[in-house]
Amino acid sequence: MTAAVLDRTRHEATAVWHLEHGRYLAVQDGGDTVVIADERSRNGVLVNGHRVQQASLRHGDQIRLGARTMRFLEV
């Protein structure tokens, strides 16, 4: 992802959600569905508190990867 795309994404997300400074995961749009997959990770991937091998993400889903918790937002 280029710096310009990341800056635009950050700006758009901040304008809509009033995000605080921090770290965010940006997913480049390439289709109707965003899917997260776990390829035999040690700690697993949790979506909304449930361990998954693969899951389609919807707006507001909470994702936990190891010690990190993220929220999937469509902006």
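Just so you know, all these numbers are worked out from the coordinates, no wet-lab data involved. As the structure is a prediction and not an experimental result, all values here were calculated from the model. Glycine also receives a Cβ, built like all others from the backbone with ideal geometry; neighbour counts cover every protein chain displayed.
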Give a residue-ordered list of calculated ³J(HN,Hα) values for region 66-71 (Karplus: 6.51 cos²θ - 1.76 cosθ + 1.60, θ = phi - 60°; whole Hz; x for Gly, Pro).
x, 8, 9, 10, 10, 10
Between region 60-75 and region 28-59, what is the C-alpha centre distance in whole Å?
9 Å
Taking region 34-75, the whole-percent share of alpha-carbon pairs separated by over 15 angstrom is 32 percent
To the nearest 0.05, the calculated FRET efficiency linking His59 and Asp32 through their beta-carbon distance, R0 being 22 Å, is 0.95
